[in-house]
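Chemist: First, the structure itself, so that you have it in front of you.
The numbers here are math on the coordinates, done by the rules we state, and not lab data. Since we're looking at a predicted model, the values are computed, not measured. All Cβ positions, glycine included, derive from the backbone under ideal geometry; neighbour counts span all protein chains shown.
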Amino acid sequence: MTLLSVRDLATELSDGERWLRAVDGVSLDIRAGETFCLVGESGSGKSVTALSVMGLLPHGRHRHPSGEVRLHDRDGEVSLLGAGESVLTGVRGRRIGMIFQEPMTSLNPVMTIGEQLDEALRLHEPGLDAAARAERVRAALEEVRIPDAASRVREYPHRLSGGQRQRVMIAMALICEPHLLIADEPTTALDVTVQAEILRLMRELQQRRGMGMLFITHDFGVVARIADTVGVMRQGRLVECGPVAEVLRRPQHEYTRSLIAALPERLPRAERPPAGEQPLLEVRDLAVHFPVRRGLLRRVVDHVRAVDGVSLDVHPGEVVALVGESGCGKTTLGRALLRLIEPTAGQIALEGRDITRLSAEALRPLRRRMQVVFQDPGSSLNPRLPIATTLIEPMRVHGVGRDDDERLARAAALLERVEMPPDSLWRYPHEFSGGQRQRLAIARALVLEPRFVVCDEITSALDVSVQAGILKLLRRLVDEEGLGMLFITHNMGVVEYLSDRMAVMRAGRLVETGRTAEVLARPRHDYTRALLAAVPRLDAQAA
Amino acid sequence: MSERAAVPARPSRPWSAEVAGALLRRTSARLGLAWIGLLALVAAFAPFIANSHPLYMVLDGEARFPAFAHLDAADVSWLAGLVLAFVAWRSRGPAFLRFAGWFAATALVAVLAWATVSPPPLVIYEQYREWEAAGRAERVVRAPIPYSAKDYLRDHGDTGMEPPLAGRDGRTHWFGTEDNGADVASRMIHAARIALGIGFIATGIALVIGTIIGGLMGYFSGVVDMIGMRLVEIFEAIPTLFLLLTFVAFFGRSVYMMMVIIGITSWSGYARYVRAEFLRLREQDFVQAAVASGLPLTSILFRHMLPNGVAPLLVAASFGVASAILAETTLSFLGLGVVDDPSWGQLLNQAVQSSTFNWWLAVFPGGAIFLTVFAYNLVGEALRDAVDPHTQRAGRAG
């Protein structure tokens, strides 16, 4: 039975002046008990498709030139596109549930989770009395395996972890027993181990209830884990649609093929020159503790051990991947290596010279030997300065190049190395896309000719095809210039493609270090094993 | 989407130009700026608009330019400031540099003018009218309003308050006369200088102090922040008006002292804004990257952080100018402002002082105060919208 049928859906959004077509002739069917995955890169229109179905697009700023959306469930048949608010209110929550991406902001912070679940019930099941509703709420929380549900009902959202909040969101979406669940990237903000649990839970609940599910994601690994049918979107169009095994194993459309080929674990790896013998960076027993102050006198009562006794070497011409889940201290470690955060104890030596206790003044000339590229393309470049100024200023400070003309020529040459057009020099950061900004941030890091570079999750905000380009660029730079690189990431595919050695971090400590191929093939530590098992992979389905 | 497609064809514009463009698209901002611009013109050309000294006359067969001969240092500085502002507006280069250049050049001219320009110390306004009556002067070219701000018309016996256009002896007072017999229109025109000057200089002082202290608090946080915030709290606890009253009582009345006091008591708000912005910016990746590149502290603070945190400051400053003008008017209204020199608040005071209600002394200066404060608030409001990315690209979903 076809639960949701979308025919030739087109959605146009207004930016105040023009109408931009976000969804362009999408047709799809979801049957009861089926999981339909919409996959695509950012801006491909997959979220807008879901919002169009729910009628949640901003009022007066969208229109549908064509299309039909019909929901056909046990309660009858209803046409959703352009339906009145009263019809939609009856459908939303009651017949279609929705889960959003960001678990941190999807719950109201001033209401207890019990009240929020209760509100949905009160609206859609007016016949139930308070005791019956309380029972339903408790049952819903137990169903999503919130431990000790009866007492958790009175908790506020900030007391729950990200994974638990997403469980509460699922409970809220399912409490009125909808026939269709729309999930918009529900696991993207979560760690891999948590993601694996949530995916398992969603799959299980769906099968038990025979719901249809529209699941939006950008991750082919997740698709392989959860989907029955998959639709690939590009620029508002559904370019390929079919059973998951078919599409993933034998993609018909060229775009699908290029997307799958761009997955980092699928990228071809060239022969790599051997890494240098002499370590570039030596870290011994490094610790960074943040004091926890309490009480009237702000006394230090405890320390947060963000980094706790880490020892690590990086050789020239080598990429060391630092892997771990959020909050494990990997970013703090990266910043401490560059002395952006003061280490509490331990020793950092760059090219044999101890830099742990150097004064800011003595450190300044050494700054050009080690550089950093950050995660967020939105804030990695100064929005008020043209690219030329951003690149030239550090050269001027460190006396690289004789005059500004020479420095400008060097900057232009560097832009060519990171595969950016030379006229980028006179543009401002907001004119570039995320991937281009990360290339410019790499150029800014390389402008001082460093020996050691820290890359902190620099591709995690980017689409796979863009990520593939950046990863290839990084590997080429490391191989050709003999840089040492510490690459911080949580993406195992990236680790597999890029790194020579890897270190797994957990709660401020390195639990396992070794050559990448060996660790991935034969993990010794339990945590590494759990981490690797949780990673959604395309091969899991294909096998 | 694809990485290559995003570079637009049009040339880049710096952020300041974007904001200026967005500001000028708003009618309210244009109206406000037009009124402020008009005030600035009137203030700079005041000696040529309202002056008892004729612009040109032939006395006993000898050509004279009394209005020019009586220009004092303040007149010269205002004129130079306006001309230099025009030059700065037409020249090329970063907005900040042009503004700094204008400021430095104007300050230099002002200092030079104070040292060199010396108008005749004795001013006799009546003599021109006497010469004319005696037939000694020919071809007299007068300013549109032929009365100086301090010309109390001593040569006429019947001086005192006079409603607009109640002309006696063939005199025309468009806005009437005040207590001492001086022309209200002339006094209002010359008072525009105090209104503009006090707003800009007091706010300028507050901005400089607030930015430096707030910036240091935000960047260093910790102990510096704690000391700075206590300082902010101390200054916020001082009521500006009472401090001004005390200083006026002790040191006499001076418009410059008023500017300084309004300035040094109103920086705390700006310091809070800058601190909050810097606390946010310090964690931004491009600031961390600047630190990691070993850039000097001054560059990090003023080149990488300040231009990114200046938006709320601009908005607050335009409202600050309005409140500084109001503070001066309040003092003058209370009779504690400048003596003898014209001020809108002082005229307003005279409206209620005598036993009759002199409407022309309430309506015209009151209207000028209202329009000026309103203009600054319009500009501030439009600036807030112009620098706010949410109102710029509202509702872009997807």
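Chemist: Looking at the protein assembly as shown only, what percent of DSSP beta bridges run antiparallel? Nearest 5 please.
Modeler: Around 60 percent antiparallel, to the nearest 5.
Chemist: With contacts defined as alpha carbon pairs under 8 Å and 6 or more residues apart, what's the relative contact order of segment B:231-383 in percent?
Modeler: Dividing the mean separation by the residue count of segment B:231-383 yields 22 percent.
Chemist: Ratio of the protein assembly as shown's C-alpha Rg to 2.2 N^0.38 Å, to two decimals?
Modeler: 1.21
Chemist: Starting with the highest mean, order A:308-317, B:137-146, B:372-381 by the number of other Cβ atoms within 10 Å, averaged over the residues of each peptide.
Modeler: Ranked from most to least packed, the peptides come out as B:372-381, A:308-317, B:137-146.
Chemist: Ok, one more. Could you work out the percent of alpha carbon pairs in segment A:366-409 separated by over 18 Å, rounded to a whole number?
Modeler: Percent of Cα pairs beyond 18 Å in segment A:366-409: 38.
Chemist: Among bridges DSSP assigns within chain A, what percent are antiparallel (round to 5)?
Modeler: Of the beta bridges lying entirely in chain A, close to 55 percent run antiparallel.
Chemist: Same structure again: Just checking the output field for B:278-287: average partner chain Cβ neighbours within 10 Å of each residue's Cβ?
Modeler: Partner Cβ neighbours, averaged per residue: 4.
Chemist: Determine the dipole magnitude for chain B: charges of +1 sit on the beta-carbon of Lys and Arg, -1 on that of Asp and Glu, nothing else is charged, the reference point is the Cα centre, and the result goes in debye to the nearest 20.
Modeler: With only Lys, Arg, Asp and Glu charged at Cβ, the dipole is about 1620 debye.
Chemist: Let me ask something else about it. List the residues of segment B:311-329 whose backbone N lies under 19 Å from a point placed 7 Å from the Cα of B:GLU18 along the Cα-to-Cβ direction.
Modeler: What the label zone holds, given the 19 Å backbone N cut-off, is B:311-315.
Chemist: Report, to the nearest 10°, how far helix A:404-417 tilts away from the longest principal axis of the Cα atoms in chain A, using its own Cα long axis and a range of 0 to 90°.
Modeler: 50 degrees
Chemist: In addition: I'd like the mean, over residues of A:421-433, of how many other protein chain beta carbons sit within 10 Å of each residue's own Cβ.
Modeler: Across A:421-433, the average partner-chain Cβ count within 10 Å equals 3.
Chemist: I need to check one value: relative contact order of chain A, counting alpha carbon pairs closer than 8 Å and at least 6 residues apart, in percent.
Modeler: Relative contact order here is 15 percent.
Chemist: Nearest 20 debye, what's the magnitude of the dipole of chain A about its Cα centre given +1 on Lys and Arg Cβ and -1 on Asp and Glu Cβ?
Modeler: Once rounded to the nearest 20, the dipole reads 900 debye.
Chemist: For chain B, set up a GNM with springs between Cα atoms under 10 Å and report which of B:ARG193, B:ARG384, B:ARG136 has the largest fluctuation.
Modeler: Residue with maximal mean-square fluctuation among B:ARG193, B:ARG384, B:ARG136: B:ARG136.
Chemist: Starting from the Cα gyration tensor of segment B:106-195, multiply each eigenvalue by 5, take the square root, and state the resulting semi-axes largest first in whole Å.
Modeler: In descending order, the three semi-axes are 27, 19, 12 Å.
Chemist: If you take the charge dipole of segment B:1-125 about its Cα centre, with +1 on Lys and Arg Cβ and -1 on Asp and Glu Cβ, which of B:GLY32, B:ALA74, B:PHE103 is farthest toward its positive end?
Modeler: B:GLY32
Chemist: Here's another thing I want to ask about it. Would you tally the net charge around B:VAL274, using a Cβ to Cβ cut-off of less than 13 Å, leaving B:VAL274 out, and scoring K and R as +1, D and E as -1?
Modeler: For residues surrounding B:VAL274, the net value is +2.
Chemist: For segment A:454-540, what relative contact order do you get, as a whole percent, if you take Cα pairs closer than 8 Å and at least 6 residues apart?
Modeler: It comes to 21 percent, rounded to a whole number.
Chemist: On to the next question. Summarise the partner chain shielding of A:380-390 as one whole number: the mean count of Cβ atoms from other chains within 10 Å of each residue's Cβ.
Modeler: What the average comes to for A:380-390 is 5.
Chemist: Check each of the trypsin sites (Lys or Arg not before Pro) in segment A:261-312 and keep only those in coil by DSSP with at most 11 other C-beta atoms within 10 angstrom; list them in order.
Modeler: Within segment A:261-312, the qualifying trypsin sites (Lys or Arg not before Pro) (loop, at most 11 other Cβ atoms within 10 Å) are A:ARG269, A:ARG298.
Chemist: Still on this structure: If each residue's Cβ is checked for other Cβ atoms within 10 Å, how do A:ASP219, A:ASP285 rank with the fewest at the top?
Modeler: With the fewest neighbours first, A:ASP219, A:ASP285 line up as A:ASP285, A:ASP219.
Chemist: Let me ask something else about it. In debye, nearest 20: dipole of segment B:105-150 around its Cα centre with unit charges on the Cβ of K, R (+) and D, E (-)?
Modeler: Taking the Cα centre of segment B:105-150 as origin, the dipole is about 80 debye.
Chemist: Net charge within 12 Å of A:PRO147 by Cβ-Cβ distance, Lys/Arg positive one each and Asp/Glu negative one each, not counting A:PRO147 itself?
Modeler: Here the charged neighbours net out to 0.
Chemist: Also: Longest segment of chain A with no GluC sites (Glu not before Pro) in a DSSP loop having at most 11 other Cβ atoms within 10 Å?
Modeler: Answer from the scan: A:278-543.
Chemist: With each pseudo-label sitting 7 Å past Cα toward Cβ, what's the B:GLU62-B:LEU279 distance in nm, one decimal?
Modeler: Going from the B:GLU62 label point to the B:LEU279 one covers 7.1 nm.
Chemist: Same structure again: If each residue's Cβ is checked for other Cβ atoms within 10 Å, how do B:LEU122, A:LEU128 rank with the fewest at the top?
Modeler: B:LEU122, A:LEU128
Chemist: Using the number of other C-beta atoms within 10 angstrom as an exposure proxy, rank B:LYS150, A:LYS46 with the fewest first.
Modeler: Ordered from fewest to most neighbouring Cβ atoms within 10 Å, B:LYS150, A:LYS46 come out as B:LYS150, A:LYS46.
Chemist: If packing is taken as the average number of other Cβ atoms within 10 Å across a peptide's residues, how do A:462-469, B:99-106 rank, most packed first?
Modeler: Highest-to-lowest ranking by the protection proxy: A:462-469, B:99-106.
Chemist: A further question follows. Could you work out the local net charge near A:LEU281, counting Lys and Arg as +1, Asp and Glu as -1, over the other residues with Cβ closer than 13 Å to its Cβ?
Modeler: Counting the neighbours of A:LEU281, the net charge comes to +1.
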